[in-house]
Amino acid sequence: MANVLVIEDRPSIGMVFDLALTEEGHKVEVVSDGSSGLKILQGEAKTDLVILDLNMPGISGREVVEIMRSENELLRNIPVIIVSGSVPSPDIMPPEGSYQAFIGKPFDLNEVIETVDWLTTAEAAC
């Protein structure tokens with residue numbers, strides 16, 4: 001299955017993603033801020049997909065996506081699912097086409113799992 005990085009500042013939500021996706025067979029790492037997420041992405045471990053909150057202290061979700069898309073080819077091609085309670089608007093959302101899915105909070109966990117499976121299967125087929 002996939003290596004999933006969850007960047008979410010609310011520990012309870014991160015834990016829900018971790019438990020649900022691990023149960024589905026994915027390897028999950030959860031961090032609470034954009035800086036920590038970028039360190040993992042720029043490190044040696046392979047990340048297949050990122051689940052990302054938008055509103056976080058320090059580096060926002062939008063900034064994480066912008067950095068990912070401007071870095072090396074490996075980061076540029078990692079699919080991103082944004083899961084946020086914010087109303088999608090141009091001032092907080094990353095540019096169109098820089099993320100693969102948006103799921104609003106409160107979220108349906110089955111929708112998250114299906115989207116992760118769809119994106120990781122699509123990546124494996126490439």
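A few comments on the model shown:
- In nm, spacing of pseudo-spin labels at Asn3 and Glu66 (7 Å Cα→C-beta vector): 2.7 nm
- With the gyration tensor restricted to C-alpha atoms of the stretch 70-113, the semi-axes of the equivalent ellipsoid amount to 21, 15, 6 Å, longest first.
- For the stretch 1-98: relative contact order, % (alpha-carbon pairs under 8 angstrom, 6 or more apart): 28 percent
- Most to least packed among 83-89, 25-31 [average Cβ atoms within 10 Å]: 25-31, 83-89
- The helix-only estimate of mean residue ellipticity at 222 nm for the chain, built from DSSP H runs of length n ≥ 4 each weighted as -39500 (n - 2.57), is -12500 deg cm²/dmol after division by the residue total.
- Per-selection metrics, the stretch 40-88 (Cα): Rg and Dmax in Å: 11.0, 34
- Shape category assigned to the stretch 2-71 from the gyration tensor of Cα positions, a/c cut at 1.5: oblate
- Percent of Cα-Cα distances greater than 24 Å, calculated over the chain: 17 percent
- FRET efficiency estimate (nearest 0.05) - Cβ-Cβ, Ala45 to Ile113, R0 25 angstrom: 0.70
- Segment Ser12-Glu73, length gained on full extension (0.36 nm per residue, minus Cα span): 18.7 nm
- Accessible area of Arg69 in the full protein assembly, 1.4 Å probe (Å², nearest 10): 50 Å²
The values are calculated or read from the model by the stated rules, or taken from the named source; none is laboratory data. Quick caveat, the model's predicted, so the values are computed rather than measured. Cβ: placed from backbone, ideal geometry, glycine included. Neighbour counts: every protein chain shown. Keep in mind that these areas ignore ligands, DNA and RNA; they rest on the heavy atoms of the full protein, side chains included. Shrake-Rupley method; radii C 1.70, N 1.55, O 1.52, S 1.80 Å.
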